[in-house]
Amino acid sequence: MTTSVPMKVLAFSPLYRPFLGGIEILLENTLQPLRELGIDVAVVSESAEGLAEFEVMDGTRVYRLPMSAAVRSRVAHEPLMVIRRLAAIIKKEQPSLLHMHSVAQAAAFYVDRLTTAPNPLPILVTLHGVLEEEDKLGVVLRLLGRARALSGVSRACLASGASYLPDHVPRHLIYNGVPPASVTAPPWRMGERVRLISVGRLQKEKGFDLAIRGLAQAVSHGFDGEISIVGRGNEEQELRSIARALGIAERVLFCGEMPPAEVEREMARCHAILAPSRQREGFGLVVAEAGRLGVPAIVADTGGLSEVALHGRTGFVVDQDNAGAIGSALLNLFSSQAEWCRMSDHARSHVRESFGLANCIEGYADFYRSNTWTDPHAI
């Protein structure tokens, strides 16, 4: 139900469109539907070369500030100027609350200082990544200590934040939502070459070298497959070298970056997605996006990945940093057409039931409604 006086939220995101990371995609998918529910969210993010300091994008007001650059400058007046600009934005927007999408961003430095003022706005925090020991910085501890409520995009995220919070702070599990697929993956048939895909930044933490090594091991046991690696990064030449050294260079295709619609079409051509991350992923959006097409997954047992891919049902969850386990999982997944079809069907239903976009939108609407000082009858 919409209202004549909507709730206003000022959300802080490390980046925003045209960048397309997990948080940016979440915001793009949810902000317009939230407006229709009477919740008007403006976004503050990092500035970037060639992008306007302020613009309205599909109805969303977007402010870009040089938050990281000001801190790195080590010149005292630079962060002070950002704080003044942020205070002016808050005065203009008159939000009911501030929403931090991740505390591991430069905006935490500024919001921390603004919330030491008398009568600060309530803060809500969403954890998009699993907090590690090195994240226990003073600013992170202070912001989480002041948070009116915490949400996490997986149980793993919520568990990682538990020790930062007073016991009375509400915790909300709000899985990332993915919209319905515009295409579907055709079934894999026994004897057909297996097409695999990995998507993300080409960096060591993503473990794409493990995907290549796992494929090589499976190939040595008679497996006929190839992998498309979508993304760019500083590990590309090393990954190419690994593929050549293992004798499978012709089976490893480097596709570069692709727009989301092309990534979806490429996923729909594939029969499994590999996400052997070495870092504790908060969720694993690309795994959910592939699952909605009916593409099973092989993922590392780290962070929230094992919530998106269910071991033995929608794919396989393997030990972290274990290329041999990836090779074995490939042989098991493609041991028969019936086995693949069973996991494909379960992947599609798991995403539909657990990661539907409508559930995600309603989750954030409830998060805002139940954790603000605004009149509860206003929405």
Fill in: Hits in segment 129-152 (condition: open to solvent by 60 Å² or more (accessible area, probe 1.4 Å), in a loop (DSSP other than H, G, I, E, B) and within 19 Å of L10 (Cα to Cα))
R148
Discussion item. G324 - would you say it is buried (at least 23 other Cβ atoms within 10 Å of the Cβ) and in contact with a helix residue (DSSP H, G or I) (Cβ under 7 Å, 6 or more places away or on another chain)?
Written reply: no
Response to the item:
If we ask which residues in segment 58-75 are outside any helix (DSSP H, G or I), at pLDDT below 90 and open to solvent by 50 Å² or more (accessible area, probe 1.4 Å), their number turns out to be 2
Practice prompt. Please work out which one of (1) open to solvent by 40 Å² or more (accessible area, probe 1.4 Å); (2) assigned to a helix (DSSP H, G or I) is the condition A104 fails and give its number.
Written response: (2)
Discussion item. Of the residues E49, E55, E78, only one is in contact with a helix residue (DSSP H, G or I) (Cβ under 6 Å, 6 or more places away or on another chain) and open to solvent by 50 Å² or more (accessible area, probe 1.4 Å); which?
Written reply: E78
Worksheet item: Would it be correct to say that G231 is touching a residue at least 60 places away in the same chain (Cβ under 8 Å), open to solvent by less than 40 Å² (accessible area, probe 1.4 Å) and not hydrophobic (A, V, I, L, M, F, W, C)?
Response: no
Practice prompt. Identify the residue in segment 107-128 that is open to solvent by 20 Å² or more (accessible area, probe 1.4 Å) and either of a type in the set (S, T, Y) or within 24 Å of G303 (Cα to Cα) (or both) and, among all such residues, is modelled with the highest pLDDT.
Written response: H128
Practice prompt. Any residue in segment 256-279 that's in contact (Cβ under 8 Å) with a residue 60 or more places away in the chain: show its pairings with residues that are among the aromatic types (F, W, Y) at Cβ separation under 6 Å, as long as the two are six or more apart or on different chains.
Written response: H271/W188
Worksheet item: Among the residues of segment 37-53, is any polar (S, T, N, Q), in contact with a Pro (Cβ under 8 Å, 6 or more places away or on another chain) and over 26 Å from N371 (Cα atoms)?
Response: yes
Worksheet entry | Residue check for T126: of a type in the set (S, T, Y) and part of a loop (DSSP other than H, G, I, E, B) | no
Discussion item. I'd like to verify a number: residues in segment 285-296 that are within 18 Å of G356 (Cβ to Cβ) and open to solvent by less than 10 Å² (accessible area, probe 1.4 Å), how many?
Written reply: 7
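The values are calculated or read from the model by the stated rules, or taken from the named source; none is laboratory data. The structure displayed is predicted, hence computed values, not measured ones. Don't worry about glycine lacking a Cβ; one is built from the backbone with ideal geometry, like all the others, and counts go over all protein chains shown. Note: accessible area is taken over every heavy atom of the protein model, side chains too, but ligands, DNA and RNA are not part of it. Shrake-Rupley method; radii C 1.70, N 1.55, O 1.52, S 1.80 Å.
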